[in-house]
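Some notes on the structure that comes next.
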Amino acid sequence: MTDISTDFTLGSMVCRNRVWVASGTFGYGDECPDLVDVNKIGAVITKSLSLKPRDGNPPPRIVETPGGMINSIGLANIGLQRFLEEKAPFLRALNTAVIVNIAASTIEEYKEVLGRIEEADCCDGYEINVSCPNVKEGGLSFGTNISMTAEITRVLRPLTSKPLIVKLTPNVTSVSEFARAVQDEGADAVSLINTLIGMSVDVKTRRPKISTTTGGLSGPAIRPVALAKVYEVVKSVTIPVIGIGGITCANDALEFFITGAAAVEIGTANYIDPNIAVTIADDIEQYCRNNGINDVADIIGTLQTDQTISVVKSWL
């Protein structure tokens, strides 16, 4: 069989393939040892980590919707200290890339969490979740304010030489402006999209189906939106774009690659099949063999449209 090149290098981080698992959908990587070989995943992105433990929002906080789900987990996590004591040793021993997703309510908290993880040296890169409420600004989300998103990137960049990925929200007017702003401040890549704002109502009780009324919509229903946002951003920046949103099979992932994504993250589909990322990576290899493609990178940014688009891929 043809040996297909599938690896992806981002700065100092080398990934065995371009199919990753998204934050919040795969725990800390150690929950399903009998169901998936984690070392076959391109990169494991941890559940969002904050300085102090968070209980998250009260239930109900997950509801199924046509083609997806709405969640309002509220960034529940074990906190930095327990993470370093209980999860870091396992992650450090993995034979695959590990990316820690960081969530915070102040810029100082982002700095402290990243700084202490750097000292522990238990990961290969960072994904910064800016879809968090800034308590010093009355709860305004960092990720919907371009100057605050840029400032987080600017402050964190000098703290690490490891890849810094900023995860962008689609709930803004122009996500490409945010992507350019974090690129200018030194981000190594952007990942998108985070969830869309969604809502579901119980017509019998006439009450929202989740406690916070609205939450984050994910799953196949958002894939066309995610693809369009990736298309928008790859035309605007020169750093890699990591595509996220409703990917459930190899064909879905290939759409993102063809559109210009350097890698993809599998999210909601992990709840259906914890091994789905491995299956998708294998199926992409088979697609390449069937089509005489020797390197997955040769697919990236090959979208054919009536309008010629020049996508800069100096990172390939």
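Throughout, read-outs are computed from the coordinates displayed, never taken from laboratory work. Given the structure is predicted, the values throughout are model-derived calculations rather than measurements. Neighbour counts run over all protein chains shown; Cβ positions are idealised from the backbone, glycine included.
Couple of notes before you dig in:
- Test result for residue 172, of a type in the set (A, V, I, L, M), surrounded by fewer than 20 Cβ atoms within 10 Å (Cβ to Cβ) and assigned to a loop (DSSP other than H, G, I, E, B): yes
- The numbered conditions (1) over 24 Å from residue 115 (Cβ atoms); (2) surrounded by 24 or more Cβ atoms within 10 Å (Cβ to Cβ) are all true for residue 167 except (1).
- Subset of the stretch 202-233 (residues that are touching a Ser or Thr at 6+ places or on another chain (Cβ under 9 Å) and among the β-branched types (Val, Ile, Thr)): 210, 212, 213, 214, 222, 230, 233
- Top-ranked residue in the stretch 267-278 [being touching a residue at least 60 places away in the same chain (Cβ under 8 Å) and in a loop (DSSP other than H, G, I, E, B); ranked as surrounded by the most Cβ atoms within 10 Å (Cβ to Cβ)]: 267
- Pairs, first in a helix (DSSP H, G or I) in the stretch 283-299, second exposed (fewer than 13 other Cβ atoms within 10 Å of the Cβ), C-beta under 8 Å, six or more apart: 288/2; 288/294; 289/1; 289/2
- Listed by position, the strands (runs of 3 or more DSSP E) enclosed by the stretch 58-132 that each have at least 1 residues that are of a type in the set (Gly, Ala, Ser) and under 26 Å from residue 218 (Cα atoms) are 68-71, 97-102, 125-129.
- Of 281, 261, 297, 253, all but one fail to be buried (at least 18 other Cβ atoms within 10 Å of the Cβ) and more than 17 Å from residue 4 (Cβ to Cβ); the exception is 261.
- Boolean, residue 77 is buried (at least 22 other Cβ atoms within 10 Å of the Cβ) and either closer than 27 Å to residue 208 by Cα or of a type in the set (S, T, N, Q) (or both): yes
- Members of the stretch 158-169 that are under 27 Å from residue 72 (Cβ atoms) and assigned to a strand (DSSP E or B): 165, 166, 167
- Filtered residues of the stretch 1-23 (kept if in a loop (DSSP other than H, G, I, E, B), under 21 Å from residue 250 (Cα atoms) and of a type outside the set (Ser, Thr, Tyr)): 1, 3, 4, 7, 16, 17, 18, 22
- Scanning the stretch 24-77 for residues that are within 29 Å of residue 200 (Cβ to Cβ) and under 15 Å from the mean Cα position of the chain (by Cα) yields 24, 25, 26, 27, 28, 45, 46, 47, 48, 49, 75.
- In the stretch 178-203, of all residues being of a type outside the set (Gly, Ala, Ser), assigned to a strand (DSSP E or B) and under 14 Å from the mean Cα position of the chain (by Cα), the one that is surrounded by the fewest Cβ atoms within 10 Å (Cβ to Cβ) corresponds to 196.
- Residue satisfying all of: in the stretch 52-68; touching a strand residue (DSSP E or B) at 6+ places or on another chain (Cβ under 6 Å) and within 20 Å of residue 269 (Cα to Cα); surrounded by the fewest Cβ atoms within 10 Å (Cβ to Cβ) among these: 62
- Counting only residues that are surrounded by 16 or more Cβ atoms within 10 Å (Cβ to Cβ) and hydroxyl-bearing (Ser, Thr, Tyr), the stretch 213-235 holds 2 of them.
- Scanning the stretch 2-28 for residues that are closer than 26 Å to residue 75 by Cα and of a type in the set (Lys, Arg) yields one hit, 18.
- Tabulated pairs, the stretch 245-261, first assigned to a helix (DSSP H, G or I), second buried (at least 24 other Cβ atoms within 10 Å of the Cβ) and not aliphatic (A, V, I, L, M), C-beta under 6 angstrom, 6+ apart or interchain: 256/243
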